[in-house]
Every structure is written in structure tokens, then in C-alpha cells.
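Novice: Input: one structure, supplied below.
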Amino acid sequence: MPIRWQIMLVFLIIIGVSFAFAATRLTNYVSEYLYQQRIRQDSISVERLATTVAPLFQSAQSDALSETLKSSSNELGGRLLVLDNDAKIQFDSFSALMGTRLQLPETLAILSGQPQAYGLHALQEGNALTGNYVACCASSIIGTKGNLGILVFIADVDEMMASLSLVRRELLIVFGLVAAAALLAAGFFSHLLTRPVLALTRTIQNMARGDLSVRAPVTGSGEIRNLAENYNAMAEQLESLDRSRNQFVSNASHELKTPMTSMKLLLENVIYQPDMPSELRSEFLQDINHEIDRLTHIVTDLLELTRMDNHQMKLDLSEVSLSDIIMESIRMLAPAAEQRSQQILSDIAPNVTILGDHDKLKQIATNLMDNALKYSQENQSISVSLSVKGKKAYFAVTDHGVGISADDQKHIFERFYRVDKARSRETGGTGLGLSIVRQLVNLHHGEITVDSMPGQGSTFTVTLPLNGKDGDAR
Ligand SMILES: Nc1ncnc2c1ncn2[C@@H]1O[C@H](COP(=O)(O)OP(=O)(O)OP(=O)(O)O)[C@@H](O)[C@H]1O
Ligand SMILES: [Mg+2]
């Protein structure tokens, strides 16, 4: 059931129940009040009359008795009956029911010894008594020799009942009006409440169809507004994620296409020139081999990034010596550096151990040193340092090469970003190294920063918590 109907139903139930309760209480109270009023007046009169008629009844002065009762019945505005101790009617001011037995709860009560009794009766159609509703007031007639009989006064209370039902009808009308007003209010209120929800649902439907640019209108206040704002923030993120994924795919395809194209060209040369000199042929084949290496390198990097994106990469954590790992990387890169007459100067604090993944830490160190060597001139040395301050290890790689402008520094950790595209492609770079490094550093709860001046050189600093946990988070 839609929220709107639910709210209206709840409103209706609350109002209905409270009204029914209040109305019952009120009508009961009113009827009780009216009835009590009536009984009080009647009982006093009937009691007094019973004493008056007692001697007349006892001495069987029927004329005087009938006279007294008739005039009293006119005065009181009802019917007066005198019953003997067998509840047989001896006298009726309407002169109709003489000799019949009157079986009312009140007469029975008097016969069983009560001095007075009252009651209210709804009479069936065609009853010998008058009216639809009657109030009955009975009093025992006590003579000198004890109980002589019963004086019964029957008054038509239709008027009283009519005013009661009028009260009921009026209450019902008020209920109808209040309920209608409440339903209108509930309808309006629920409309206000559900409108933004409906708008949000439409937005979500559009988004599900693939349009990530749609946003929910931020209206209203409180939780609904909050919901729309949060939803929009989520949509924003999804859109930017989608954008960067598309960009990633197109960049990756582009990067893969370049070595493929050059491989195809080289291969075609070999195929269509069968009489090519064998040295040239082997040079071509070597180039192809080089391109395959490049392709493999790119694909490995891409796979690694995707695994990190999907949180599939788990670190193989153990207590490792960061000092040893860095020395290993230096030894690995030294031969290539020597070929370009570059030196790797090192200032490594001994026995720095951290909780980390040996291979990944080595990959961080190698990538940074590889960049430092790659983006420096021949003969230019680089320096590598490792130190400990507090609960953190600081690993820095400094070069005196091309440097990076402040604008480019903001982007170098993005995938496929290269400052000088032509140049880094020459050096074999894809622009994935630093984004992998940053992800690996993050996995180790560390941080990486760059400090660089174009033409002067750069320093990349990696800060790692010694206990393998984020040093700031406690
Ligand atoms: N030490 C450095 N000095 C100057 N520029 C650098 C340095 N390190 C990185 N850069 C710039 O940042 C870019 C991104 O570096 P990154 O290591 O991500 O990619 P790459 O070295 O080009 O390729 P690869 O994926 O093979 O590492 C480089 O292309 C280069 O322009
Ligand atoms: Mg690199």
C-alpha cells in the first residue's frame, strides 16, 4: 500500500477510535444526567402520593382514590397505576388496564420488599402502555396494616430519548466533518511527504536506465532533504567513477595499440622482404621482442591496478627489513644505472624493520628509483635515504633531473599521466608506475609526497608506520 494511503488510514483510525470513545462517554453522561433528573423529580412525587393514597386505598374509597389519582396524573404528566400485592392493576388513571397483571422489574422489586424502584424501558409496538420509551417509578403503598400494594407511575420519556438521539446525531455529524478535515490534512501532508520521494524514485529509475547525469531535486527539509542530498552525492561519485573508468579503458586501449602497431609494421617488413639482410632481420626481431616486453609490462601493471581496485590484492604481511629491501633494489638497478654513468648514492639506516609485504615494498622502492634514474641526464647521480623518526620510517629518493612543475605534481599519481608524453614513451614509460606506488603505499597505511622544481630535480618521500598500522589512527 502506498505511504499516502497508509498515513490517511492511520489518521482515520486514530480519529475514529478517539471519537468513538469520546462520543460514547459523552452520550452516556448526558443520558445518565437526564435520566437522573427525571427520576429524582418523579420519585419524590410518587413517594408523597403513595402516602396520600394509602388511607384511601386501605379504606377502599375508590371514588376519592380515583379522583386523587386522576388529578395527580394530569399534574405529573403520566399514567398512574395502583397495584395490589399480586401486581394486579386495581386502578388505572387511563381507565384501561384494570384487573390485568403488570409484570415490570420495578413492581417485582417492590414485591420483594424494596420500598422504591425505578427503571427505563423501551416498549414494543402495540404495548398497552403509552410511548416508545417510558420511565417507570414504583413505590410501595404502606397502610396501618403494612404493605397494601404498589403505586406505579409511568411517564413517556420519548422526548428525553429524542434529545439524546439528537445529541448522537450531532456528534456523528461533527465526527464526519472532523474526519473529512483530518483526511484532507493527511492527504495534503502525505502529498508533501511523498512528492520528494516520488521525484527521487524517478531519478533512480532514470539512473538505472543508464543516465548517470540525473540528480534528485533537493526540496523540503529534514530527513527527506538529507536523503536527496546524500543520493546526489552518491550519484556524483558514481558518475565520476564511470567517467574515470571510461577514461581508463580508452587510455589502456591506446597504450596497448601503440606497441601492437609498431609490431605489425616490423613484422610486415620481415614477411614481405624475404631477401632482407640477416643482421637487419635480427634487429627487427629484437625490436619486436622489445615491444612484446613493453606490452607485457603494461598488461602486468594494468592487472595489478585492477586487482587493487577490486580489493583482491592482499598484502603478505610479515616483519621485514626495509633497509635490506632498499639495498636489494639498489643492487638490482645499479647495472642499468652504470650503463648511463649514473650512481646511486645511499644513506640507509640499518635494521629498520616494519610490518609489510616484502615484494610490494621492493616494488615501491624500485619504481621510485627507476623514475629518478629515467628522468635524470646521463652522469647525474641520484640519492636514496632511509631514516626513522618516532614511529615512522622515512624513505626518500632524490634526483637532479628534469623536475616536475607544480601543476603536473597534482596529476603524476593519476593513471597514464605523463608530463612529457613523447619523451617518456621513448624511455618506455606508460604512466602507471606512480599510481601503483601510491596504491601500494596506501595499502601499507603510509603516505607519499613529492617535492620538485622544474630543471632542479625531485624528491619523492614515502612515510610508513613501523607497526604496519596508521600511526595517526588509534
Ligand atoms: N623523478 C621524476 N622526475 C621527473 N619526472 C618524473 C619523476 N617521476 C615521475 N615523473 C613524471 O611523472 C610521470 C608519471 O610517472 P610514472 O612512474 O607513473 O610513469 P612512467 O615512469 O612514465 O611509466 P611507468 O609506468 O613505466 O612507470 C612520468 O611520466 C614523468 O613525467
Ligand atoms: Mg615510472
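The values are calculated or read from the model by the stated rules, or taken from the named source; none is laboratory data. For clarity, every value in this text was computed on a predicted model and none was experimentally measured. Here the Cβ positions follow ideal geometry from the backbone for every residue, glycine too, while neighbour counts run over all protein chains shown. Ligands, DNA and RNA are stripped out before the accessible areas are found, and what is left, the full protein with its side chains, is counted by its heavy atoms. Shrake-Rupley method; radii C 1.70, N 1.55, O 1.52, S 1.80 Å.
Novice: For the condition outside any helix (DSSP H, G or I) and under 23 Å from Phe416 (Cβ atoms), what is the one hit in Leu212, Leu256?
Specialist: Leu212
Novice: Moving to a separate point now. Restricting to region 1-50, what's the tally of residues that are open to solvent by less than 90 Å² (accessible area, probe 1.4 Å) and not in a helix (DSSP H, G or I)?
Specialist: 1
Novice: Would you be able to say whether some residue in region 198-205 is modelled with pLDDT of 90 or more, surrounded by 15 or more Cβ atoms within 10 Å (Cβ to Cβ) and outside the structural domain of Asp242 (by TED's automatic domain parsing)?
Specialist: Yes - at least one qualifying residue is present in region 198-205.
Novice: Something else about it: Could you tell me whether Ile448 is under 20 Å from Asp301 (Cβ atoms), away from ligand 2 (no atom under 12 Å from the Cβ) and either among the aromatic types (Phe, Trp, Tyr) or touching a helix residue (DSSP H, G or I) at 6+ places or on another chain (Cβ under 8 Å) (or both)?
Specialist: yes
Novice: Is it the case that region 54-76 has a residue that's under 18 Å from Gln36 (Cβ atoms) and either over 60 Å from the mean Cα position of the chain (by Cα) or open to solvent by 70 Å² or more (accessible area, probe 1.4 Å) (or both)?
Specialist: Yes: region 54-76 contains one or more residues that are under 18 Å from Gln36 (Cβ atoms) and either over 60 Å from the mean Cα position of the chain (by Cα) or open to solvent by 70 Å² or more (accessible area, probe 1.4 Å) (or both).
Novice: I'm told Asn251 meets every condition in (1) surrounded by 12 or more Cβ atoms within 10 Å (Cβ to Cβ); (2) more than 16 Å from ligand 2 (Cβ to nearest atom); (3) within 30 Å of Arg215 (Cβ to Cβ) except one. Can you identify the failing condition by its number?
Specialist: Failing condition for Asn251: (2).
Novice: Tell me, which strands (runs of 3 or more DSSP E) lie completely within region 82-178 with 2 or more residues that are under 60 Å from the mean Cα position of the chain (by Cα)?
Specialist: 116-122
Novice: Can you find even one residue in region 406-418 that is in the same structural domain as Met453 (by TED's automatic domain parsing) and more than 49 Å from the chain's Cα centre (by Cα)?
Specialist: No, the conditions are met nowhere in region 406-418.
Novice: Same structure, new question: For Pro105, state whether it is open to solvent by less than 80 Å² (accessible area, probe 1.4 Å) and modelled with pLDDT of 85 or more.
Specialist: Criteria met by Pro105.
Novice: List, please: which pairs have Cβ atoms under 9 Å, are six or more places apart or on different chains, and start with a residue in region 94-109 that is in the same structural domain as Val46 (by TED's automatic domain parsing) and end with one that is among the aromatic types (Phe, Trp, Tyr) and surrounded by 14 or more Cβ atoms within 10 Å (Cβ to Cβ)?
Specialist: If the second residue must be among the aromatic types (Phe, Trp, Tyr) and surrounded by 14 or more Cβ atoms within 10 Å (Cβ to Cβ), the pairs left are Met98/Phe91; Glu106/Tyr118.
Novice: Of all residues in region 396-420, how many are part of a helix (DSSP H, G or I) and within 11 Å of ligand 1 (Cβ to nearest atom)?
Specialist: 2
Novice: Cβ-Cβ below 7 Å, separation at least six or inter-chain, first residue in region 356-377 and closer than 11 Å to Asp316 by Cβ, second more than 10 Å from ligand 2 (Cβ to nearest atom) and of a type in the set (Gly, Ala, Ser): which pairs?
Specialist: Every condition considered, the pairs that remain are Gly356/Gly468.
Novice: Also: Regarding Ser435, is this residue in contact with a Phe, Trp or Tyr (Cβ under 7 Å, 6 or more places away or on another chain), part of a helix (DSSP H, G or I) and under 22 Å from Leu322 (Cα atoms)?
Specialist: Answer is yes for this residue.
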